[in-house]
Every structure is written in structure tokens, then in C-alpha cells.
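Chemist: I am attaching a structure below and will ask some questions about it afterwards.
Read-outs: derived from the displayed coordinates by stated rules, not from any lab. No experiment lies behind these values; they were computed from the predicted model shown. As a convention, Cβ positions derive from the backbone with ideal geometry for all residues, glycine included, and neighbour counts pool all protein chains shown.
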Amino acid sequence: MTASLKKTTRSTRKKKAVAAFSLSPAHAHLSLHFPKGFLWGTATAAHQVEGGNKKNDWSLWEQLPGKVAGGDRSGRSADHYHRYAMDFDLAAAQHMNAHRLSVEWSRIEPREGEWNVKEIAHYRAVLEALRARGQQTMVTLFHFTVPQWFAARGGWAGKDAVGYFSRFAAKAADAFGDLVDFWCTQNEPLVYLVMGYVLGTWPPGVKNYRTAWTVFRHLTAGHVAATVELHERARMLGRAVPVGVANNLISFYSYRKHSPLDALSLSLSDWVWNHAYYRETRGSHDYLGVNYYFHQRIKREEGKLVQLFVDLRAENRETSDIGWEVYPAGIFDVLQELGEHHLPIYITENGIATVNDDRRIRFLVAYLKEVYHAIQSGIDIRGYFHWSLLDNFEWEKGYAARFGLIDVDWQTLQRRPKKSFSVYGRIAGENALSHDILRYVGHGVL
Ligand code: IFM
């Protein structure tokens, strides 16, 4: 090769390299694309948004002094029971193609064995409204509330709990099976167990490890029994409707990488919180649902051999309005861990309580970027449901915690979609995190 030809080749290569880093008009090559058919949705739960729930355990509990911050009660809540069509219109305008909601057991079966046809018709209308707007439906059967009659029979600790729950699942499948795309038998069973039976800060307000263990066995058996009913009824309809659970998973981290006892604490915490439920219910999940909110740092206290769930948040890190640490990389960790099960994964909840919507935007983009990287690493993640469509009743924290993509004025119940919803809408519409949206988190490539 002559000297001049070598020079030309070098300069052509250099030009090509420069071209590769210069931005095309649309910068499309810098966007992070999600797999075709990815589900983009929002999530809600009946008691938190509907209003007018009077027949479940929470409606009694929240009347008791000191149980809910500020003396808040669910009351009329966001009146989603009557305004669902308007709320779904707002979601459809943001290109949502899926929604996760729960049906309230105490409306459908207000007294033992008595099925309320009016309420069944109501939920059918809700599901039809979603379908009409092109949204796939994920329906949760147990999202923290139970009918008062069920609570009076011992609730999830009662000896008939599994039978009552699987009978409800069968009824729900008969009533709604043709309109449901995914069943979610239970929401965050371990959170429910800890709040209701270990800490006692939710109904039924029990603090007893033995009872908590009974509840754990009944919840897991309840999921398995309900799954059998749901599968069987879907088969009768000639449909295959995936069944799963929305589990709250925690990303655990150990300070001292080379301390065997810290490692033991970490792996015990991880096993109890992230694996025990799956171990008990093995073989009865068509997909894995992840609600991701928490990151915990493990460092045993001096003198303790091993320790579970050491939660060190007092390091002045960024937290939400309710003190939960913002830690996007944690969602990548839990997705990696779930990937070991080789089942499709849906992020059934993820969101932040904040009155500062700019923070919600940064949160959303940062967490979705991690989800994207998890997909790139080979994990089969098929959808993301943001918590929540609307500001709502945040259990013991009441109405001050604002998780919604839509602001609700608690006086007038007027809706105002937040800017974060239009950012999320763009992501959903483009099925990608485009380069300008990535700027919210200072994406490195740019
Ligand atoms: O509001 C709750 C929801 O009911 C279950 N997952 C966590 C959310 C935020 O705390």
C-alpha cells in the first residue's frame, strides 16, 4: 500500500469514527428501545382509589384513633368507583396499553357465600372500559383488604382461609375470566404478613410470630389453590390466562464484603424476603410480578451473631417524601435475581411518593433505564406498571403520600395529569427511552 493510500484510509476511518459519535437529526440511535409488545401500564388497588368501601376490614380499622396519619380515612377516596372511565381516558391519552387493578372481595361477597350481582356487573364494566381503550387487564384478587365476615372467621389465620379464598378466585374467574389478561392472586403477601401480624400496624393488628407463620402457610397455600381454580376455568373458556403474584422484593447490600457473618445475615434476609414464598409455591407461577421499592443495607450490630433486615437509611441519602431511599440500581439487582427462575417477569409496581413531580420524572427515567439494562442482560421482562395512576389512600400514611401520575384534589376530586405522566406517555408511545428523555438523568452517552 502506498503512503498516500494509507493516509486516505486512515482519514476515512477517522471520519467514520467521528460520524458514529455525531448526532443524527433524530438521535434515534441513542434511544434505548424496549422489546416489541412491551406492556406499559399503571396500577391501582380498590380500597386506595374507589371510595365507598364499607364492608372490608380496613374500613373499620381506619376509624380507630391513631391508625392512619392525620386521622385520614379512605372515605370517598378518589371516587374512582364512579370516575373510572374518565381516569382510563387520561391513561389512554398517554399510550398506556395495560392496567393493573384489584377487585374488592368485600363488594363481590359482602356476606359469606352471597354474591353481589350489581358489583360483579360494575367490575365487568370497568374491565370492558379498559379493553375498549386498548389496555390489557391484570386483576389482583387480594390487595390487603378482606371482607369483614372473613376477618371475623379468623382472616388469613383462620382454618378455612384457603378454602374461602380459592372459592372467591373461582367466582372471580367465572365472573370476569373472559375480560382478564393476567391474574395476580395476591399483592405483596409478605408486606401484609409483617404489617398485620408482626408489627401489628395494619389490621388485624396482631403481633405474634406463630400466627404470622400460620398466615404465611395459608397465603402460600391460598395462592396455589387459587391458581388451580383460575387455570381450570381459563381452560374451560379455551383461554390461557397467566397467573402470578405481585411480590415486594428488596435489594439487599452488605457493607463489609469480606465478613462471613454479614454475608450470612444478607443471605438469610434475602432468602426469607425474596425466596421463601417462591419456594413454598414452586410450580404455580406463570409469570413473576415484582413490586420494587426498597433497598436495604446490611451491617450487623456489634455483638449480634446474625441479623435480619438491618435498615440503615440514616445516611442522608436521597429519599422519597415518606423516607424510602431512591436507589435505581436496586431494581436491576432484584431483576437479576428473579431471572434465575426463567419465567416471564412483569414489574407490577414501582413508583415514588413525592409532591415534587420533577423528582418523579427523574425517578421514572432512572428506574426504567435499569429495567432496560436488565433486559439487555438477557432477563425476560415483559412489562412495567407504574404505581400509581392516581394519588390515593396510602394505608397508614393516609392521603399525604402522593404516588400518582394524576394529581387528585381531595376537596373537589378534580384530576390533573402531572408532567411525569406525559413523559411516561412519550416513553410508552415510542416504546423507548429517547435520548432527550434520558437527559433527565444525565445519560452518559451524550
Ligand atoms: O400503596 C402501596 C400498594 O398498596 C402496595 N405496594 C406499595 C404501594 C406504595 O406503598
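Chemist: Structure shown: which of Lys207/Lys257; Lys397/Lys419; Lys55/Lys419; Lys397/Lys418; Lys67/Lys299; Lys257/Lys397 lie over 27 Å apart, alpha-carbon to alpha-carbon?
Modeler: On the way: Lys207/Lys257 34 Å; Lys397/Lys419 24 Å; Lys55/Lys419 36 Å; Lys397/Lys418 22 Å; Lys67/Lys299 31 Å; Lys257/Lys397 35 Å.
Too far apart for the 27 Å limit: Lys207/Lys257; Lys55/Lys419; Lys67/Lys299; Lys257/Lys397.
Chemist: Compute the Cα gyration tensor for region 215-255, then decide on rounded, prolate or oblate, letting a ≥ b ≥ c be the square roots of its eigenvalues: rounded whenever a/c is under 1.5, prolate when a/b is larger than b/c in the other cases, and oblate in all that remain.
Modeler: Values: a/c = 6.51, a/b = 2.09, b/c = 3.12.
Taking the square roots of the gyration eigenvalues as a ≥ b ≥ c, region 215-255 is oblate.
Chemist: If we count every other residue with Cβ under 13 angstrom of Leu261's Cβ, Lys/Arg +1 and Asp/Glu -1, where does the sum land? Present the calculation step by step, with values, prior to reporting the outcome.
Modeler: Details: positive: Arg256, Lys257, Lys299, Arg300, Lys304; negative: Asp262, Glu301, Glu302.
Here the charged neighbours net out to +2.
Chemist: R0 = 41 Å: FRET efficiency of Lys159 with Asn116, Cβ-based, nearest 0.05?
Modeler: Plugging the Cβ-Cβ distance into 1/(1 + (r/R0)^6) gives 0.95.
Chemist: Can you give the net charge of the other residues whose Cβ lies under 15 Å from the Cβ of Phe144, counting K and R as +1 and D and E as -1? Write down the numbers at each step before the final one.
Modeler: Details: positive: Lys55, Lys67, Arg100, Arg107, Lys397; negative: Glu50, Asp57, Glu62, Glu104, Glu188, Glu349, Glu394, Glu396.
It works out to a net charge of -3.
Chemist: Does anyone have the angle between helix 117-132 and the longest principal axis of the chain? Alpha-carbon axes, 0 to 90°, nearest 10?
Modeler: Taking the Cα atoms of the chain, the angle to 117-132 is about 10 degrees.
Chemist: Sort 269-277, 97-105 by packing, meaning the average of other beta carbons within 10 Å per residue, with the highest value first. Don't jump to the answer; show the numbers that get you there.
Modeler: On the way: 269-277: 17.6, 97-105: 25.4.
With the highest mean Cβ count within 10 Å placed first, the list reads 97-105, 269-277.
Chemist: Given the C-alpha centroids of region 36-77 and region 270-349, what is the distance between them in whole angstrom?
Modeler: A separation of 24 Å, based on Cα centres.
Chemist: Just want to confirm a number: the relative contact order over the chain, from Cα pairs under 8 angstrom separated by 6+ residues, in percent. Don't skip to the end; give the middle numbers.
Modeler: Details: 793 pairs, mean separation 84.4, N = 446.
Once normalised by length, the contact order is 19 percent.
Chemist: Ok, one more. In µm²/s, what is D for region 22-114 at 10 °C and 1.306 mPa s, where D = kT/(6 pi eta Rh) by Stokes-Einstein and Rh is the Kirkwood radius from Cα pairs?
Modeler: Values: Rh = 16.6 Å.
Rounded, D is 96 µm²/s.
Chemist: By DSSP, what percent of the beta bridges with both residues in the chain are antiparallel, rounded to the nearest 5?
Modeler: Details: 8 of 45 bridges.
Of those bridges, close to 20 percent are antiparallel.
Chemist: Based on the mean of other beta carbon atoms within 10 Å per residue, what is the order of 234-242, 342-350, 285-293, 124-132, most packed first? Mind showing how you got there, number by number?
Modeler: On the way: 234-242: 13.4, 342-350: 21.0, 285-293: 23.2, 124-132: 17.0.
Those peptides, ordered most packed to least, come out 285-293, 342-350, 124-132, 234-242.
Chemist: May I pose another question? At most 11 other Cβ atoms within 10 Å and a DSSP loop assignment: could you name the trypsin sites (Lys or Arg not before Pro) in region 275-378 that fit?
Modeler: Numbers: sites: Arg279, Arg282, Arg297, Lys299, Arg300, Lys304, Arg313, Arg317, Arg359, Arg360, Arg362, Lys369; in loops: Arg282, Lys299, Arg300, Lys304, Arg313, Arg317.
Within region 275-378, the qualifying trypsin sites (Lys or Arg not before Pro) (loop, at most 11 other Cβ atoms within 10 Å) are Arg282, Lys304.
Chemist: Residue farthest toward the positive end of the dipole of the chain, with Cβ of Lys/Arg at +1 and Asp/Glu at -1: which of Gly71, Val191, Pro35?
Modeler: Comparing the listed Cα positions along the dipole, Pro35 ranks first.
Chemist: Angle between the Cα long axis of helix 209-236 and the longest principal axis of the chain, 0 to 90 degrees, nearest 10?
Modeler: Tilt relative to the chain: about 80 degrees.
Chemist: List the aspartates and glutamates whose alpha-carbon lies under 13 Å from that of Lys54, not counting same-chain residues fewer than 8 positions away?
Modeler: List returned: Glu62, Glu104, Glu109.
Chemist: Further question on the same structure: Tell me the relative contact order for region 266-358 as a rounded percent, counting alpha carbon contacts under 8 Å between residues six or more apart. Don't jump to the answer; show the numbers that get you there.
Modeler: Values: 76 pairs, mean separation 34.6, N = 93.
It rounds to 37 percent for region 266-358.
Chemist: What is the dipole size for the chain, taken about its Cα centre, with +1 at each Lys and Arg Cβ and -1 at each Asp and Glu Cβ, in debye to the nearest 20? Don't skip to the answer; put the middle values down first.
Modeler: On the way: 54 positive and 46 negative charges, 328 e Å.
That gives the chain a dipole magnitude of about 1580 debye.
Chemist: Using 1/(1 + (r/R0)^6) with R0 = 25 angstrom and r between the beta carbons of Ala85 and Glu430, what's the FRET efficiency to the nearest 0.05? Could you put the intermediate results ahead of the total?
Modeler: On the way: r = 26 Å, r/R0 = 1.05.
Efficiency computed from Cβ-Cβ geometry: 0.40.
Chemist: Rounding to the nearest 10 and keeping the result within 0 to 90°, find how far the Cα-based axis of helix 161-176 lies from the longest principal axis of the chain.
Modeler: That helix lies at roughly 70 degrees to the long axis.
Chemist: Also, quick follow-up: Please arrange Ile381, Ile322 by counting, for each residue, the other beta carbons lying within 10 Å of its beta carbon, fewest first. Write down the numbers at each step before the final one.
Modeler: Numbers: Ile381 23, Ile322 16.
Least crowded to most crowded, the residues run Ile322, Ile381.
Chemist: What is the local net charge at Val103, summed over the other residues whose Cβ is closer than 12 Å to its Cβ (Lys, Arg +1; Asp, Glu -1)? Don't jump to the answer; show the numbers that get you there.
Modeler: Details: positive: Arg100, Arg107, Arg124, Lys171; negative: Glu50, Glu104, Glu109, Glu119.
Here the charged neighbours net out to 0.
Chemist: Please compute the alpha carbon radius of gyration of the chain, then divide it by the globular-protein estimate 2.2 N^0.38 Å. Two decimals is fine.
Modeler: Values: Rg = 23.5 Å, N = 446, 2.2 N^0.38 = 22.3 Å.
Compared with the compact-globule rule of thumb, the chain sits at 1.05.
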